[in-house]
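Have a look at the structure below, then the notes.
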Amino acid sequence: MRDSLLELQEVRTYFYVRKGLFKTLAVKAVDGVSLSINRGETVAIVGESGSGKSTLGRTALKLVEPTSGKIIFEGKDITNLSSEDLKWFRRKAQMIFQDPYTSLNPFMTIKQIIEEPLVVHGFDAREREERVIKALEDVRLLPPETFLSKYPHMLSGGQRQRVGIARCLVLEPVFIVADEPVSMIDASSRVEILLLMRSLQGKYGIGMMYITHDIATTKYFSDKIAVMYAGKLLEIGPSQRILKEPLHPYTVALIDAVPDPDPHNRFRLRRVVTGEPPSPLNPPSGCRFHPRCPYSDGMKCVKEEPEMIEVDMNRKVACHYIEKIAGK
Ligand code: SF4
């Protein structure tokens, strides 16, 4: 059994906005999420824009403070860290950003970009040089010496994202949040980058939170899938089982929306959901998915929030009628 690296317990992250002179409204970006990530495991957080998946990643990295709940990392409660302990955590936990065009400083060379975290953490020049070369080799920017003095604009989108991954690896982290790491690069490089990340993760036993709106990419990359909607988890379980046999109506719709390259499946009946995701300022009552759910009963679904219930080993779903729906 793999040991637990990160555990989120009933984590809530709210942002407050002023409305008028006296009223303050809470934007419930993440609203009571519990999940765990083991060493060497990738958990994909899947959902539409506004589902709260990026805020969840930033909360897990302590870039955003949770409003309530607990974050346990390597067995230690890191919800309220001192600045000394935060430095310890920053060395162990890193982020790969979505946009390789804006996340790299255009005035710095590739060497300066990759070694920046090492400078912050006080590594000497010789060790910095060694680690930068090793990181470039790891992300297969070869030969590494030829990239050191280049600037980001001299590289392709795929190569820039490899530099972003190298910068992330240089501190030898044990936990990485990858926020839509391939959504801004050419389709031809996407699978290559995902497979590279997968192999590096296996090599170094890194626990990873992979955030994506594209459930199709999780098959290359994740052990577990957690589906988020309007700040809540709706389904979580092993990737292969969820991709093959999704249970929650929202997960079913996400998978059915993936284009199928097989011409024999051209006329396959797709279960689509209509409507737009709700505003986190004013989420629906009861089950947050009820305004778009084809199975909503208009009563219990509107009034009562469904709990996450275990439907199978390691698989949980939040739906009042999951047995009935799954039995169809
Ligand atoms: Fe649909 Fe009701 Fe289940 Fe929500 S609880 S997914 S509205 S059937």
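How do the strands (runs of 3 or more DSSP E) wholly within segment 1-113 filter down when requiring 3 or more residues that are out of contact with any Cys (no Cβ under 9 Å at 6 or more places or on another chain) and closer than 25 Å to Asn314 by Cβ: which remain?
Result: 4-19, 23-38, 42-46, 68-73.
Starting from segment 307-323, keep only residues that are over 21 Å from Ser285 (Cα atoms) and acidic (Asp, Glu), then list their pairs with residues that are within 9 Å of the ligand (Cβ to nearest atom) and modelled with pLDDT of 95 or more whose Cβ atoms are within a distance under 9 Å, requiring at least 6 positions of separation or different chains.
Matching pairs, first to second residue: Glu310/Val317.
What is the residue count in segment 1-49 for residues that are surrounded by fewer than 16 Cβ atoms within 10 Å (Cβ to Cβ) and among the β-branched types (Val, Ile, Thr)?
Residues flagged as surrounded by fewer than 16 Cβ atoms within 10 Å (Cβ to Cβ) and among the β-branched types (Val, Ile, Thr) within segment 1-49 amount to 2.
Would you confirm, using the coordinates I've provided, whether Arg292 is modelled with pLDDT under 85, of a type in the set (Lys, Arg) and either under 25 Å from Tyr14 (Cα atoms) or surrounded by fewer than 22 Cβ atoms within 10 Å (Cβ to Cβ) (or both)?
Spelling it out, it is not the case that Arg292 is modelled with pLDDT under 85, of a type in the set (Lys, Arg) and either under 25 Å from Tyr14 (Cα atoms) or surrounded by fewer than 22 Cβ atoms within 10 Å (Cβ to Cβ) (or both).
Please go through segment 269-287 and pick out each residue that is of a type in the set (A, V, I, L, M, F, W, C), closer than 21 Å to Asp31 by Cα and more than 13 Å from the ligand (Cβ to nearest atom).
Across segment 269-287, the qualifying residue is only Leu281.
Please indicate, with yes or no, whether at least one residue in segment 288-295 is in contact (Cβ under 8 Å) with a residue 24 or more places away in the chain, within 11 Å of the ligand (Cβ to nearest atom) and within 23 Å of the chain's Cα centre (by Cα).
Yes - at least one qualifying residue is present in segment 288-295.
Scan segment 2-44 for residues that are without any contact (Cβ under 8 Å) to a residue 12 or more places away in the chain and touching a strand residue (DSSP E or B) at 6+ places or on another chain (Cβ under 8 Å) and jot them down.
Passing the criteria: Tyr16, Arg18, Lys19, Thr24.
Hey, among the residues in segment 200-249 that are hydroxyl-bearing (Ser, Thr, Tyr) and under 15 Å from Ala44 (Cβ atoms), which one's farthest from the ligand (Cβ to nearest atom)?
Tyr220
Can you tell me which residue in segment 303-328 is surrounded by the fewest Cβ atoms within 10 Å (Cβ to Cβ), limited to those that are of a type in the set (A, V, I, L, M) and within 8 Å of the ligand (Cβ to nearest atom)?
Top of the filtered list is Ile325.
Kindly provide the set of residues from segment 180-211 that are over 18 Å from Tyr101 (Cα atoms), among the hydroxyl-bearing types (Ser, Thr, Tyr) and in contact with a strand residue (DSSP E or B) (Cβ under 9 Å, 6 or more places away or on another chain), ordered by number.
Tyr210, the sole residue that qualifies.
The values are calculated or read from the model by the stated rules, or taken from the named source; none is laboratory data. This is a predicted model, so every value here is computed, not measured. With ideal geometry, Cβ positions are generated from the backbone for all residues, glycine too; neighbour counts draw on all protein chains shown.
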